[in-house]
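Here is the structure we will look at, set down as structure tokens.
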Amino acid sequence: MTMYHASIYRFDRFNGRPCFTDDEDAALGYLNGNAGYLYTVEIDEDALVVAGEATVWRVAEELDLADGYSYVWEVLEDEPAVREALVAAGYNAVEYIDLGPDNAYEHYTIMLLDPSLARIVAVDEVQE
């Protein structure tokens, strides 16, 4: 599957918990008008074991970590125990509907819990 990620930084591989969208324009919105790079990546769908939003919320509730959160991405970013529980359950990715900068638009997002699953196939320089 072809996905996109935009960043003001140039790099050769992803670290941490990179997020991707299938909408090139949605990815570019994260540059907030700054110059940067649009990464086109390939992710092997057959290698993915994807948790959905309901699974993330269920795990967060089981760990008593769901209170105070409105969005799945908040839980995933702020609660390492939720990510660890998902990985322990065999998941290596999470999919959800995200909001672009300033909540301006919704878009499909996949967060890889294993960044090695993304292979960069193109990097395009983006002007301000």
Springs between alpha-carbon atoms under 10 Å, Gaussian network over the chain: tell me which of 91, 105, 30 tops the mean-square fluctuations. 105
Under 5 Å from the placed amide H of residue 126, counting only residues 5+ away or on other chains, we find 36, 37, 38
Compute the accessible area per residue over the stretch 1-115, keeping the other protein chains in place, probe 1.4 Å, unit Å². 53 Å²
Note on the chain: the mean projected area of its alpha-carbon convex hull, in nm², is 7.6 nm²
With a 1.4 Å probe and every protein chain kept in, tell me what percent of the accessible surface of the stretch 51-128 is carbon plus sulfur. 44 percent
Using Cα atoms only, what is the angle between the long axis of helix 53-62 and the major principal axis of the chain, expressed in degrees (0 to 90) to the nearest 10? 40 degrees
Please sort 116-124, 70-78 by packing, taking for each peptide the average over its residues of neighbouring beta carbons within 10 angstrom, highest first. 70-78, 116-124
Along the charge dipole of the stretch 23-127, Cβ charges K/R +1 and D/E -1, which of 116, 81, 96 sits furthest on the positive end? 116
Could you state the number of Å between the C-alpha centres of the stretch 14-93 and the stretch 108-127? 12 Å
Can you work out the Karplus-derived ³J(HN,Hα) for every residue in the stretch 64-74? Use 6.51 cos²θ - 1.76 cosθ + 1.60 with θ = phi - 60°, whole Hz, and x for glycine or proline. 6, 10, 8, 5, x, 10, 10, 10, 4, 4, 5
Check which residues have an amide H placed less than 5 Å from residue 6's amide H, if you skip close sequence neighbours. 39
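Run through the DSSP bridge list for the stretch 6-116 and note the antiparallel percent, rounded to the nearest 5.
85 percent
The values are calculated or read from the model by the stated rules, or taken from the named source; none is laboratory data. Just so you know, these numbers come straight off a predicted model, no measurement behind them. Using ideal geometry, Cβ is built from the backbone for each residue, glycine included, and neighbour counts are taken over all protein chains shown. To get the accessible areas, we keep the full protein, side chains included, count just its heavy atoms, and leave off ligands, DNA and RNA. Shrake-Rupley method; radii C 1.70, N 1.55, O 1.52, S 1.80 Å.
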